[in-house]
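The structure appears below as structure tokens.
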Protein chains: 2
Amino acid sequence: MMNTKNTDQITIFKALADSVRLDIIEYLKHNDHEVSCGEVGKALNISKTSGSYHFKLLQEAGIITTRKEAREKYVSLNSKTFDKYVTNFYKNI
Amino acid sequence: MMNTKNTDQITIFKALADSVRLDIIEYLKHNDHEVSCGEVGKALNISKTSGSYHFKLLQEAGIITTRKEAREKYVSLNSKTFDKYVTNFYKNI
DNA sequence: AAAATAGTTCAAATGTTTTTGAACTATTTA
DNA sequence: TAAATAGTTCAAAAACATTTGAACTATTTT
């Protein structure tokens, strides 16, 4: 602990502070099967380009993990990141 | 549950997604005594104007509670907000 | 081999947040 | 009563985030 610059923490909260990304996270949380970017985009009406942008941000924050298989990119939530930076945030600051 | 618009949730995450505000929160968490905006501002080197802006955002998000006494404004953390929107976020989406 | 599909990248346009300084209100101290 | 202190408000400037469409790569289907 003894946080001086908080950069990772800010990256996480920024990534969570957007309705498109919150919708993506919600969708992933409620879906057991492995899901592609395209499926999420179609389900939530997000354009390809905008989807690409948001998935990249989520990935850079460590919120999702991605796996590329041929043409498609599969995404899944990284629950450890939530544990560390969200669920335990208040306790740890 | 069964979130459709997430507006409060986004307000909270936006409020948390800034280094000045995270520093303020950290300062308040580690201080038992009641603290004024001015004390925080001095301790963290935030200008009056910028402090005023950030305290207002934190208040609007429900992250701090304020009490005005004569010239000064005392601020304290609202742990219930963290419980509801941060600590239990992942569980509840 | 051509067409379709999945996703990325780029730059421009648009939108939102943050910082700044000056002017302000209200209260307290000299 | 004048000066000092605590904080707010405003508008402009600066900084940052998001959306868009077009052009692109790579893979799969026809």
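No value in this document is a laboratory result; all are computed from the given coordinates. Computed from a predicted structure; not experimentally measured. No Cβ is skipped: glycine too gets one built from the backbone with ideal geometry, and neighbour counts run over all protein chains shown.
Relative to the compact-globule scaling 2.2 N^0.38 Å, provide the ratio for the alpha-carbon radius of gyration of region A:1-52. Let's see the in-between values first.
On the way: Rg = 14.0 Å, N = 52, 2.2 N^0.38 = 9.9 Å.
For region A:1-52, the normalised Cα radius of gyration comes out at 1.42.
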inquiry  = How tilted is helix A:48-60 with respect to the longest principal axis of chain A? Cα atoms for both, answer in degrees (0 to 90, nearest 10).
reply    = 30
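Roughly speaking, what % of Cα-Cα pairs in the protein assembly as shown are separated by over 21 Å, rounded to a whole number? Let's see the in-between values first.
Values: 8999 of 17205 pairs.
Percent of Cα pairs beyond 21 Å in the protein assembly as shown: 52.
Where does the charge balance sit around A:G38 when Lys and Arg score +1, Asp and Glu -1, over other residues with C-beta under 11 Å from its C-beta? Let's see the in-between values first.
Working: positive: A:K42, A:K48, A:R71, A:K73; negative: A:E39, A:E72.
Cβ neighbours under 11 Å give a net charge of +2.
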task = Can you tell me the 0 to 90 degree angle between the C-alpha axis of helix A:19-29 and the longest principal axis of chain A, rounded to 10?
result = 80
key: Farthest toward positive dipole pole in chain A [+1 Lys/Arg, -1 Asp/Glu at C-beta], among A:V75, A:G51, A:N6   = A:N6
note = Between the Cα axis of helix A:7-16 and the main Cα principal axis of chain A, the angle (0 to 90°, nearest 10) is 40
note = Short to long, in 5 Å steps from zero, the percent of alpha-carbon pairs of chain A per bin is 2, 13, 25, 25, 16, 10, 6, 3, 1
key: Among A:T49, A:T81, A:T66: highest mean-square fluctuation, GNM of chain A, C-alpha pairs under 10 Å   = A:T49
query = With labels modelled as points extended 7 Å from the Cα through the Cβ direction, what inter-label distance (nm, one decimal) is found for A:S47 paired with A:D83?
reply = 3.9
